[in-house]
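So the structure is just underneath, and the comments pick up after that.
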């Protein structure tokens, strides 16, 4: 399994969400691997991580669990609800091309969305969970 290829494909897709792009030229999406965002990162931003493999339901695909955290200002969780909605719209059953020209598809896991508080970042957040179906094993 080429995890780096999966990560880069998903990362590149998430960076296209306008609400989390910074003001550099060209704009760069504020997406971090989970636990790596500096505490002073301008909010809102996203963190992502693989959270485990699932036994395959068939011999032709791999199923990974993906967690995306939408991080926002502590006093305004309402401002990150639309960003969380954008993440779901972007990833749920949409083909994502990886740098190695493979295709993956994410499936939003219903009932996985919940609010959270992240003390280290002094931030509120929304957790989203997806299953990532890949077209390759090696």
For the chain: relative contact order, % (alpha-carbon pairs under 8 angstrom, 6 or more apart): 26
Angle between the chain longest axis and helix 81-91 axis [Cα atoms, degrees, rounded to 10]: 20
Protection proxy ranking, peptides 89-97, 2-10, 41-49, average beta carbon neighbours within 10 Å, highest first: 41-49, 2-10, 89-97
For the chain, built as a Gaussian network whose Cα springs stay under 10 Å, the top-fluctuating residue of 36, 16, 103: 36
Euclidean distance of C-alpha centroids, the stretch 17-47 and the stretch 73-138, integer Å: 14
Principal-axis tilt of helix 3-14 within the chain, Cα atoms, nearest 10 degrees: 50
Mean Cβ count within 10 Å, highest first, over the residues of peptides 69-76, 117-124: 69-76, 117-124
Listed values (1) 1.03; (2) 0.97; (3) 0.94, entry calculated as Rg/Rh (Cα atoms, Kirkwood Rh): (2)
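Read-outs throughout are calculated quantities, based only on the coordinates presented, and are distinct from any laboratory measurement. Not measured: the values here are computed from a predicted model. Methodologically, a virtual Cβ is constructed for each residue, glycine included, from the backbone with ideal geometry; neighbour enumeration extends over all protein chains shown.
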